[in-house]
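This report refers to the structure that appears directly beneath it.
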Amino acid sequence: MELDLIEYDIDSTVKKQVEAILQKLVEKTSAGVVMLTDDAGRIVSIKGKKQEDTESEFLATLISGVFGAAVEMGKILSMDQLEVLQYESKSMDVVIKFIKPRFLLGVIVPKSTALGTVRLFMKEASDSLEKVLEGAKMVPVRELKIDIKELEERLNRILGGSE
Amino acid sequence: MKLKVVYFGSSLAGKSTNVKKLYEILRAKSMVKGDMVVMETEEQRTLFVEMFISSINIDGYEFELKVLTTPGQFRLHPLRKVIMKGVDGLVFVVDSSREREKVNFLVLRETAAVLKEQGEDLMRFPVVVQYNKRDLPDAMDIEDLQVRFNPWDADYVPAVAIGGEGVLETFQKVIKSILVRKYAGHTHI
């Protein structure tokens, strides 16, 4: 049996619009990192000093994790839907904002940027992101045709799990 | 293609042992990206998550696998829900010991409920069942375990994760299961 493995991504027009919104947010807040992830912790787009690398992947997972944990706490406390999560350290602050329908906007800013300013610009960015993401379509970006038996053999050769 | 694999199972079933061993094995094969992130309590029990990223290349097509564990302790149930979000494939680590039979079953039931909340059906989900701790004197027979803990008739792997036995095989099978069950856009017979 042959498998047709297809990888999907947000279409390039929407992706460019998202990137432009994040870049603008970096410039307005002097953020070190601005990241849009889905609620499962997958990076949609990232701007700032960090690029999409392993550390950013972990960061994305933890951003979605801590926000998800706060949502669960909110349910126990019968809070309204959680919109923003914020935590502060001596050198920097992190603000995470929910973006409809299932995304999170994470911003890491230096202490020199006032949190009020950050939240104001995040609100502006989140309105734009929600509008842009509403029209987003998933398009196939890569395809791999492979026979199941062949896939098993390749995995076996690469990983050696059944040795 | 980015995939999320989560190891779930009862408390002390060997989820963390599996993931830590897997990380060691894959690191030796240069198939991991970066370090492993561990968030555990003072007693070395998982508090939130353990995770690492593995990268596998098939015909120039890169699969990036984020491997995570859920905390097994009952009090950490809300955090389990968070980790399971957006999962692509599951490894159900079953403690083979007879005395853990009931707990294994409760975790299976609870996981089905968590997935249902996310709009997924555990019965149709890519899963591999690992029967861990096969070296225990009171380990149940595989046939008995199959009846109780493998309602999917999914691939299963007998394992002694602490010694590395069955760890890589489990990982290999879950990748295949995800690709066959979930990510194959079209299949041609």
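Would region A:125-142 turn up any residue that is surrounded by 19 or more Cβ atoms within 10 Å (Cβ to Cβ), within 14 Å of another protein chain (Cβ to nearest Cβ), touching an Asp or Glu at 6+ places or on another chain (Cβ under 9 Å) and touching a residue at least 40 places away in the same chain (Cβ under 8 Å)?
No, region A:125-142 contains no residue that is surrounded by 19 or more Cβ atoms within 10 Å (Cβ to Cβ), within 14 Å of another protein chain (Cβ to nearest Cβ), touching an Asp or Glu at 6+ places or on another chain (Cβ under 9 Å) and touching a residue at least 40 places away in the same chain (Cβ under 8 Å).
Could you check B:Thr69 against (1) on the phi > 0 side of the Ramachandran plot; (2) at pLDDT 90 or above and say which number it fails?
Against the list (1) on the phi > 0 side of the Ramachandran plot; (2) at pLDDT 90 or above, B:Thr69 comes up short only on (1).
Could you grab me the full set of residues in region B:25-69 that are loosely packed, with under 13 Cβ neighbours inside 10 Å and either part of a helix (DSSP H, G or I) or hydroxyl-bearing (Ser, Thr, Tyr) (or both)?
The answer is B:Ala28, B:Ser30, B:Thr41.
Output the qualifying pairs, or none if there are none: Cβ atoms under 7 angstrom, residues six or more apart or on different chains, first residue in region B:52-71 and touching a residue at least 40 places away in the same chain (Cβ under 8 Å) and farther than 24 Å from B:Leu12 by Cβ, second residue aromatic (Phe, Trp, Tyr) and assigned to a strand (DSSP E or B).
Close Cβ pairs (under 7 Å, with a partner that is aromatic (Phe, Trp, Tyr) and assigned to a strand (DSSP E or B)) amount to B:Ile56/B:Phe63.
Taking only region A:45-83 into account, find how many residues are aliphatic (A, V, I, L, M) and either surrounded by 21 or more Cβ atoms within 10 Å (Cβ to Cβ) or under 12 Å from the mean Cα position of the chain (by Cα) (or both).
The qualifying residues number 5.
Look at B:Ile162 and say whether it is closer than 30 Å to A:Asp9 by Cβ, not in a strand (DSSP E or B) and not basic (Lys, Arg). Before the answer, list the steps.
Details: closer than 30 Å to A:Asp9 by Cβ: no; not in a strand (DSSP E or B): yes; not basic (Lys, Arg): yes.
No; evaluated as a whole, the condition is false for this residue.
Does A:Leu151 satisfy the criteria of being surrounded by 15 or more Cβ atoms within 10 Å (Cβ to Cβ), within 14 Å of another protein chain (Cβ to nearest Cβ) and without any contact (Cβ under 8 Å) to a residue 24 or more places away in the chain?
no
Show the residue pairs meeting these rules: Cβ distance below 6 Å; 6+ apart or different chains; first residue within region A:47-62 and more than 9 Å from every other protein chain (Cβ to nearest Cβ); second residue surrounded by 15 or more Cβ atoms within 10 Å (Cβ to Cβ) and modelled with pLDDT under 80.
Between residues of region A:47-62 that are more than 9 Å from every other protein chain (Cβ to nearest Cβ) and residues that are surrounded by 15 or more Cβ atoms within 10 Å (Cβ to Cβ) and modelled with pLDDT under 80, the close pairs are A:Ser56/A:Lys50.
Name the single residue that is surrounded by the most Cβ atoms within 10 Å (Cβ to Cβ) among those in region B:73-101 being under 12 Å from the mean Cα position of the chain (by Cα) and more than 8 Å from chain A (Cβ to nearest Cβ).
Ranking the candidates gives B:Val93 first.
Taking the options B:Glu143, B:Glu120, name whichever one is away from every other protein chain (no Cβ under 11 Å), farther than 22 Å from B:Ile25 by Cβ, in a helix (DSSP H, G or I) and not aliphatic (A, V, I, L, M).
B:Glu143
Which members of region B:36-77 meet the condition of being within 25 Å of B:Leu108 (Cβ to Cβ), β-branched (Val, Ile, Thr) and in contact with a Phe, Trp or Tyr (Cβ under 6 Å, 6 or more places away or on another chain)?
Answer for region B:36-77, where residues must be within 25 Å of B:Leu108 (Cβ to Cβ), β-branched (Val, Ile, Thr) and in contact with a Phe, Trp or Tyr (Cβ under 6 Å, 6 or more places away or on another chain): B:Val67, B:Thr69, B:Thr70.
The values are calculated or read from the model by the stated rules, or taken from the named source; none is laboratory data. Because the structure is predicted, anything quoted here is derived from the model rather than measured. Every residue, glycine as well, gets a Cβ built from its backbone with ideal geometry; the counts of neighbours run over all protein chains shown.
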